[in-house]
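Engineer: Structure incoming, see below.
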Amino acid sequence: MRLMWRLIGYRPGAWRREKECTLCGRRSVVISEVIGVCVDCLRDSPRDALKVAMEAHYSARRELGLPEEPPREGVRCGLCSLDCRIPEGGLGYCGLVTVKEGRLVRLAGTPKRGVLEWYYDSLPTNCVAWWFCPGCTGLGYPKYAVRPEAERGFYNLAVFYGACNHNCLFCQNWHYKRLTSNLSPLVSAEELASKATRRVTCICYFGGDPGPQMPHAIATSIKALEAARREGRILRICWETNGHLSEPMLKQALELSLESGGVVKFDIKAWSPPVYKALTGVDRDPLPRNVELVMERFSERPEVPLFTASTLLVPGYVDEYEVREIARFLASFDRDIPYSLLAFHPDYLLTDLPPTSTRHAKAALKVAKEEGLRRVNVGNVWLLGDYY
């Protein structure tokens with residue numbers, strides 16, 4: 001455990017001090033000074049609480065030269081669901097789109113220019129969907145998996161996109177921001193697709209988030225799948241995203257995953273709109289509508305679940321109430337949607353909160369099942385402990 005703490009930058013005991021909510025005065029180890037307010041004030045007094053909570057987002061984004069909030073006056077981008085309107089010489093919220101002489105200029109995320117890093121991840125891997133994905137379990141064999149068990153000896157082409165349309169204070173992949181700032185490394189869709197060699201059975205897009213660079217990801221997928229079909233081999237297309245995709249981009253992603261045996265994963269940060277915004281810097285909606293769009297296709301492929309959701313159990317903020325509401329929403333579509341509850345560790349700006357406690361994880365698991373979900377998994381269990 002101590003080795004794991006060193007690897008993730010966690011300092012045992014750094015979170016033990018009680019912090020105070022600036023609105024109600026309540027003190028607790030699971031109140032963050034970075035957010036500045038407790039979860040009850042966020043839900044009960046959202047206007048006042050968000051004035052405090054958003055300051056951390058504004059400060060972090062100013063340092064990076066990025067807009068504090070999605071811009072609302074200028075030329076419409078439309079690539080993701082934030083629907084930025086970008087002023088002359090300004091940037092979209094993701095940092096990859098600007099306007100010159102009244103026209104949109106995409107600095108990256110096009111088929112010719114993706115800002116990303118990639119690597120081969122040996123199967124079985126530790127992705128959120130590992131407990132039911134074909135590459136780790138053989139589910140869907142022989143149509144969607146090369147063998148009826150874990151595909152040892154094969155690889156996932158992991159594509160780490162260097163931009164995001166959220167500003168999560170707890171981001172555990174926050175170093176993507178360096179790629180955004182540098183607009184480097186740049187890789188074309190054709191070059192990236194060529195990395196999906198014969199020992200690669202899946203491509204997973206994550207980051208950051210694939211949302212701001214969907215044209216690049218879709219072009220890569222099409223080229224890679226064309227090569228796989230010519231060679232008669234399996235290649236699954238998977239997505240790990242916050243779900244804030246535009247409807248046209250989401251529909252293309254769904255089609256690619258549905259036909260290839262891949263999985264679409266939405267990381268649902270919270271349910272209450274003010275809690276969601278305090279943690280991510282952006283509004284929750286239209287995420288529920290995008291879940292609905294995915295679920296319209298869910299029953300078309302019974303062999304392998306098309307959709308899965310996950311939620312990071314941020315102490316003090318993503319509590320049983322948030323998990324219950326998310327689970328209730330998911331179960332209203334299908335009780336067999338796979339749902340992962342992930343243990344949190346201190347990272348990026350939220351280093352003053354403890355890792356998720358065992359009690360918290362057990363309570364979240366209980367309420368998710370009470371709301372009718374039959375397939376619920378707890379991930380990152382090695383982080384759990386008696387912290388609060």
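Engineer: Taking the highest mean first, how do the peptides 218-230, 316-328 order by number of other beta carbon atoms within 10 angstrom per residue? Write out the running numbers ahead of the final one.
Structural biologist: Details: 218-230: 18.5, 316-328: 21.8.
Going from most to least packed, we get 316-328, 218-230.
Engineer: Under 5 Å between amide hydrogens, which residues at least 5 positions from residue 104 or on another chain qualify, with H placed 1.01 Å from N in the peptide plane?
Structural biologist: none
Engineer: Given a 1.4 angstrom probe, I'd like the percentage of the accessible area of the chain that is carbon and sulfur, rounded to a whole number.
Structural biologist: Percent of accessible area from carbon and sulfur atoms in the chain: 50.
Engineer: Output the relative contact order of the range 1-156, whole-number percent, from Cα pairs under 8 angstrom with separation of 6+ residues.
Structural biologist: In percent, rounded to a whole number, it is 9.
Engineer: Another question, then. Taking a ≥ b ≥ c as the square roots of the Cα gyration tensor eigenvalues, with a/c under 1.5 meaning rounded and otherwise prolate when a/b beats b/c, else oblate, which class fits the range 1-155?
Structural biologist: oblate
Engineer: Still on this structure: With a ≥ b ≥ c the root eigenvalues of the C-alpha gyration tensor of the chain, is it rounded (a/c under 1.5), prolate (a/b larger than b/c) or oblate?
Structural biologist: It comes out oblate by the Cα gyration axes.
Engineer: Along Cα→Cβ, 7 Å out, is where each label goes; now give me the distance between the ones at residue 289 and residue 143 in nm to one decimal.
Structural biologist: Reported label-point gap for residue 289 and residue 143 is 3.2 nm.
Engineer: Report the full-extension gain for the segment residue 334 to residue 358: residue separation times 0.36 nm, less the Cα-Cα distance, to one decimal in nm.
Structural biologist: 5.9 nm
Engineer: Moving to a separate point now. So what does log10 I(q)/I(0) come out to for the range 23-111 at q = 0.12, 0.18, 0.24 Å⁻¹, using the Debye formula with one equal point on every Cα and no solvent?
Structural biologist: -0.50, -0.81, -1.08
Engineer: Between residue 230 and residue 132, what is the label-point separation in nm under the 7 Å Cα-to-beta-carbon projection?
Structural biologist: 3.5 nm
Engineer: Right, here's the next one. Can you give me the accessible area per residue for the chain, using a 1.4 Å probe, in Å²?
Structural biologist: Here the per-residue accessible area is 42 Å².
Engineer: For the pair residue 199 and residue 103, how long in nm is the line joining their label points, each one 7 Å along Cα→Cβ?
Structural biologist: 4.5 nm
Engineer: Using helices alone, I'd like the mean residue ellipticity at 222 nm for the chain: each DSSP H run of four-plus residues gives -39500 (n - 2.57), total over residue count, nearest 500.
Structural biologist: -9500 deg cm²/dmol
Engineer: Let me ask you something else. For residue 243, what is the net charge nearby, where nearby means another residue's Cβ is under 14 Å from its Cβ and Lys, Arg count +1, Asp, Glu -1?
Structural biologist: Once positives and negatives cancel, what remains is -2.
Engineer: Sort the following peptides by mean Cβ neighbour count (other Cβ atoms within 10 Å, averaged over residues), highest first: 250-256, 238-244, 266-272.
Structural biologist: Final packing ranking: 238-244, 266-272, 250-256.
Engineer: How high is the relative contact order of the chain, given as a whole-number percent (alpha carbon pairs under 8 Å, six or more residues apart)?
Structural biologist: Computed over the chain, the figure is 15 percent.
Engineer: Work out which helices of the chain, taken as complete DSSP H runs, extend at least 24 Å along their axis over the Cα atoms and score a mean Kyte-Doolittle of -0.5 or more, then list them.
Structural biologist: Within the chain the helices that satisfy the rule are 214-231.
The values are calculated or read from the model by the stated rules, or taken from the named source; none is laboratory data. Being a predicted model, the structure only gives us computed values, none of them experimental. Don't worry about glycine lacking a Cβ; one is built from the backbone with ideal geometry, like all the others, and counts go over all protein chains shown. Keep in mind that these areas ignore ligands, DNA and RNA; they rest on the heavy atoms of the full protein, side chains included. Shrake-Rupley method; radii C 1.70, N 1.55, O 1.52, S 1.80 Å.
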